[in-house]
Amino acid sequence: MKKIIAATAIVFLASACSEKPQSAGGVKGDTAPYTGTGKAYAESNWKQGDKASWESALKVRAQNGQNDYSKTN
């Protein structure tokens, strides 16, 4: 009986040491990000499907919202 318990314990411990393969699926985007989602809550100064307005909105966001140097002035 002790051999069976020891054998099952070894099997469980050995299976706990193995690692399952991790395959990152990555971002599966089949459309460009500037095409939008079709939702009504998109930012007002960006027109969905317009690449130029998308890029200008990103520039404004980077300068005003994420630039710590401009916040200190």
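Just so it is clear, none of the values below were taken in a lab; they were calculated from the coordinates. Keep in mind that what you see is a predicted model, and the values were worked out from it rather than measured. Heads up, the Cβs are rebuilt from the backbone with ideal geometry, glycines too, and the neighbour counts pull from every protein chain shown.
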> Pulled fully out, how much extra length does the chain show between LEU58 and LYS39, if you take 0.36 nm times their separation in residues and subtract their Cα-Cα distance?
Replying inline: 5.0 nm
> Which of ASP50, ASP30 comes first, and how do the rest follow, when ranked by fewest Cβ neighbours within 10 Å?
Replying inline: ASP30, ASP50
> What are the ³J(HN,Hα) values, in whole Hz, obtained from phi via the Karplus relation 6.51 cos²θ - 1.76 cosθ + 1.60 with θ = phi - 60°, for each residue of region 30-37 in sequence order, with x given for Gly and Pro?
Replying inline: 9, 10, 5, x, 7, 6, x, 10
> How much length is gained if the chain between ASP68 and ALA6 is pulled fully straight, taking 0.36 nm per residue apart and subtracting their Cα-Cα distance, in nm to one decimal?
Replying inline: 16.3 nm
